[in-house]
Amino acid sequence: MNDHLQISGGGAELCPCGSSLSYPDCCGCYHCGKSLPATAEQLMRSRYSAYVFKLADYLYQTTHPDKRSSGLQDEIAAWAAQVEFVQLEILAVQRGQAGDKVGKVEFIAHYRQQQQTRQLRELSRFRRFKGAWCYFDGEIG
């Protein structure tokens, strides 16, 4: 079981994806493999939370197989180790619902790196692979 599913202070901590749900009831169920995200937005949020918790394996596994390079998991882990994610803003969602095969999510991820607050704005594209949503690629803006 994922260490991040632990309960502290008498209640579960809120999920870092900004859903207002507890982590175990939100992205935690995807990270520990209990269920799969039903929408592209849920996958986007779970990937953001995976960056918060530095879950490089989850990020690699939820990348579309056509986009997995041999060193991708190491690249993800190295970048995640350098940053502290602090907030996710979902700006727009196009398709990516339970019955769709493709979807897009535009977001801003706020983070700290080398004591500076920064943001990453991206329009991410998602595709299904064997029924599961996967990150395909994105345009950084």
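The values are calculated or read from the model by the stated rules, or taken from the named source; none is laboratory data. Just so you know, these numbers come straight off a predicted model, no measurement behind them. Neighbour counts run over all protein chains shown; Cβ positions are idealised from the backbone, glycine included. Note: accessible area is taken over every heavy atom of the protein model, side chains too, but ligands, DNA and RNA are not part of it. Shrake-Rupley method; radii C 1.70, N 1.55, O 1.52, S 1.80 Å.
Please express the shape of the range 23-64 as an equivalent ellipsoid: the semi-axes are the square roots of 5 times the eigenvalues of the C-alpha gyration tensor, given largest first in whole angstrom. Walk me through the numbers on the way to the answer.
Numbers: eigenvalues 35, 28, 18 Å².
Each semi-axis is the square root of five times an eigenvalue, giving 13, 12, 10 Å.
Please give the solvent-accessible surface of E13 in Å², to the nearest 10, using a probe radius of 1.4 Å with every protein chain present.
120 Å²
Could you give me D for the range 31-114, from Stokes-Einstein at 37 °C and 0.692 mPa s, where the hydrodynamic radius is the Kirkwood radius over C-alpha pairs? Units µm² s⁻¹, please.
On the way: Rh = 13.7 Å.
Rounded, D is 240 µm²/s.
On average, how much accessible surface per residue is there in the chain, in Å², for a 1.4 Å probe, leaving out ligands, DNA and RNA?
Numbers: 8000 Å² over 141 residues.
In whole numbers, the chain has 57 Å² accessible per residue.
Keeping all protein chains in the complex and leaving out DNA, RNA and ligands, what accessible area do you get for R121 with a 1.4 Å probe, in Å² to the nearest 10?
Solvent-accessible area, nearest 10 Å²: 100 Å².
Binning at 10 Å from 0, report for the chain what percent of all alpha-carbon pair distances ends up in each bin.
In order of increasing distance, the bins hold 12, 43, 38, 7, 0 percent.
Need one number: the % of Cα-Cα pairs in the range 99-141 sitting beyond the 12 Å mark.
Working: 572 of 903 pairs.
Above the 12 Å cut-off, the range 99-141 has 63 percent of its Cα pairs.
So for L91, L43, what's the accessible-area order with a 1.4 Å probe, most first?
Working: L91 75, L43 0 Å².
My answer, sorted largest first, is L91, L43.
For E13 and R68, what does the FRET efficiency come to when R0 = 30 Å and r is the distance between their Cβ atoms, rounded to the nearest 0.05?
On the way: r = 31 Å, r/R0 = 1.02.
So, using R0 = 30 Å, E works out to roughly 0.45.
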